[in-house]
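> Below is the structure I would like to discuss, written out as structure tokens.
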2 protein chains.
Amino acid sequence: QSIYEKLGKTTRTVDVELDNQIEQLRESKRRYEHVLSLARSYANHFSNLLATQRALSDTFLELKHKSFHLCDEYGYNAEAQGLLVRHGEILMSALNYFISTLDTLCNKTIEDTITTIRLYETARLEYDACRTEMELLPPGSQLNEKQREFEKYKERYEKLKCDIGVKMQFLEENQTKVMKKQLLLFHNAIAAYFSGNQQALDATMKQFNLKVLS
Amino acid sequence: QSIYEKLGKTTRTVDVELDNQIEQLRESKRRYEHVLSLARSYANHFSNLLATQRALSDTFLELKHKSFHLCDEYGYNAEAQGLLVRHGEILMSALNYFISTLDTLCNKTIEDTITTIRLYETARLEYDACRTEMELLPPGSQLNEKQREFEKYKERYEKLKCDIGVKMQFLEENQTKVMKKQLLLFHNAIAAYFSGNQQALDATMKQFNLKVLS
């Protein structure tokens, strides 16, 4: 049936609105996956920077005690890097939360609906194939059994269509809500960190019920 | 002579103060090299983070135009990352200047003096070897020629000793001045960047006569 459809040799049951919704959902997933992959790079590079800041803070502190002429210079640099490490660990928690939530959204929540969509697409193919077969039967053929088969496919197709309709509507609201919250967290945590605003950073963590793991 | 000295079978000419100065210089070089290597990692990770911020800013901007429900959220995130990129490029210039100055200090300025120190150490060995030989000559030997050789080694040794004395004194003042300035730049640029203080960052760049290459 799939091949006949591609060759344009048969008709397919189309629900334009539903197909658009499905295409939109797949597009959303691609977008979130792209953001997720960039966020992972972000966290990765930031974590490397954090480790270097930690090493630099330790080194400057050591040199502060060993060096007579540059004691002050090493001292304030050790302090500055140490402060960045403490704030950086908080930002790291926020980044990890952002990543883990987006991962769940892409690979569990949306993926679950996409699995149902695949079942729906198969059911639609089977339904249309059965319909085409029926249409091609010579007039006066024994229709009863084919008719029962057709009804079974039709029922399954309509049930799945209804299922994904409900699932997608629920998901549409849910994913927007999740992303709104996560993009706000991402922005606020980064803005607070890169403006050296510890209070705002702490407030953001509290707002999102996040604890710093160290 | 070197082996005899290690076995304690001969005496060596020692200038305790000068030897301490040499050891201190070598220690300083090791310290600066360690800071330099950490600064290189720092710049490397920061540059990777900067590239990810640039990609994320572009992606958020694109999604802002494509997404109806999350338009605002993508918008302010694109702006925040874009701002970090612009400030980050300035910090990157400061880091690169810090690295290039420390590299010159370690691998040209200090290395030049250390090369002279190596010549001095060889001259000291040759001088002591010649002195030991003279002491071991049986009484009444023909001393004139050995004496001339000895004077030559002595002269060379004393000239190089004088040279490194001057070089090390000059270097001591110079390296402290350079490091004081560089550690101040490093601190001020990082403190300004990580407190989101564009004015302070610009002022630091101006103070150190730095231009942003982009």
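> What are the pairs with Cβ atoms under 9 angstrom where one residue, in the stretch B:191-204, is in contact (Cβ under 8 Å) with a residue 12 or more places away in the chain and surrounded by 14 or more Cβ atoms within 10 Å (Cβ to Cβ) and the other, located anywhere, is of a type in the set (Asp, Glu) and assigned to a helix (DSSP H, G or I)? Sequence gap at least six, or different chains.
Going by the 9 Å Cβ cut-off, the qualifying pairs are B:Ala192/B:Asp202.
> Suppose we keep only residues that are in a helix (DSSP H, G or I) and more than 8 Å from chain A (Cβ to nearest Cβ) within the stretch B:61-73. Which one would you say is surrounded by the fewest Cβ atoms within 10 Å (Cβ to Cβ)? Give the derivation first.
Within the stretch B:61-73, the subset in a helix (DSSP H, G or I) is B:61-66, B:71-73.
In the following step, the residues that additionally are more than 8 Å from chain A (Cβ to nearest Cβ) were identified as B:61-62, B:64-65, B:71-72.
Working: B:Leu61: 17, B:Glu62: 14, B:Lys64: 18, B:His65: 10, B:Cys71: 12, B:Asp72: 13.
Top of the filtered list is B:His65.
> Also, quick follow-up: Could you tell me which of the residues B:Ser57, B:Ser2, B:Ser28 is of a type in the set (Gly, Ala, Ser), more than 13 Å from chain A (Cβ to nearest Cβ) and in contact (Cβ under 8 Å) with a residue 12 or more places away in the chain?
B:Ser2
> Can you tell me which residue in the stretch B:20-56 is nearest to the chain's Cα centre (by Cα), limited to those that are open to solvent by 20 Å² or more (accessible area, probe 1.4 Å) and within 27 Å of A:Val35 (Cβ to Cβ)?
Looking at residues that are open to solvent by 20 Å² or more (accessible area, probe 1.4 Å) and within 27 Å of A:Val35 (Cβ to Cβ), I get B:Asn44.
> Can you tell me which residues in the stretch A:74-106 are farther than 14 Å from B:Phe194 by Cβ, free of Cβ contacts under 8 Å to residues at least 24 places away in the same chain and either hydrophobic (A, V, I, L, M, F, W, C) or more than 8 Å from every other protein chain (Cβ to nearest Cβ) (or both)?
Across the stretch A:74-106, the qualifying residues are A:Gly75, A:Ala78, A:Ser100, A:Thr104.
> Right, next: With respect to B:Ser141, is the statement that it is of a type outside the set (Val, Ile, Thr) and within 14 Å of chain A (Cβ to nearest Cβ) true? Spell out the reasoning first.
Values: of a type outside the set (Val, Ile, Thr): yes; within 14 Å of chain A (Cβ to nearest Cβ): no.
When the stated conditions are applied, B:Ser141 does not pass them.
> Okay, moving on. Tell me, which residue of the stretch A:144-197 that is at pLDDT below 95, polar (S, T, N, Q) and assigned to a helix (DSSP H, G or I) is farthest from B:Lys64 (Cα to Cα)?
Ranking the qualifying residues of the stretch A:144-197, first place goes to A:Asn144.
> Then there's this: Any residue at all in the stretch A:155-176 that's closer than 26 Å to B:Gln53 by Cα and either surrounded by fewer than 19 Cβ atoms within 10 Å (Cβ to Cβ) or away from chain B (no Cβ under 14 Å) (or both)? Spell out the reasoning first.
From the stretch A:155-176, those closer than 26 Å to B:Gln53 by Cα are A:175-176; that's our starting set.
Going one step further and asking which of them are either surrounded by fewer than 19 Cβ atoms within 10 Å (Cβ to Cβ) or away from chain B (no Cβ under 14 Å) (or both), we end up with A:176.
Yes, some residue in the stretch A:155-176 is closer than 26 Å to B:Gln53 by Cα and either surrounded by fewer than 19 Cβ atoms within 10 Å (Cβ to Cβ) or away from chain B (no Cβ under 14 Å) (or both).
> Give the stretch B:135-154 a look and list any residue that's within 30 Å of B:Asp19 (Cβ to Cβ) and open to solvent by 80 Å² or more (accessible area, probe 1.4 Å), or say none. Don't jump to the end; show me each part of the working.
Initially, the stretch B:135-154 is screened for residues within 30 Å of B:Asp19 (Cβ to Cβ), giving B:135-137, B:146-154.
Within the stretch B:135-154, B:Glu135, B:Leu136, B:Arg148, B:Glu151, B:Lys152 qualify.
Yes/no matrix, rows are residues, columns are (1) acidic (Asp, Glu); (2) assigned to a loop (DSSP other than H, G, I, E, B):
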position	(1), (2)
A:Glu5	yes, no
A:Thr13	no, yes
A:Asp19	yes, no
A:Leu36	no, no
A:Ala43	no, no
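The values are calculated or read from the model by the stated rules, or taken from the named source; none is laboratory data. As the structure is a prediction and not an experimental result, all values here were calculated from the model. In this analysis, Cβ positions are derived from the backbone assuming ideal geometry, glycine residues included, and neighbour counts consider all displayed protein chains. Areas reflect the complete protein model, heavy atoms only, side chains present, ligands, DNA and RNA absent. Shrake-Rupley method; radii C 1.70, N 1.55, O 1.52, S 1.80 Å.
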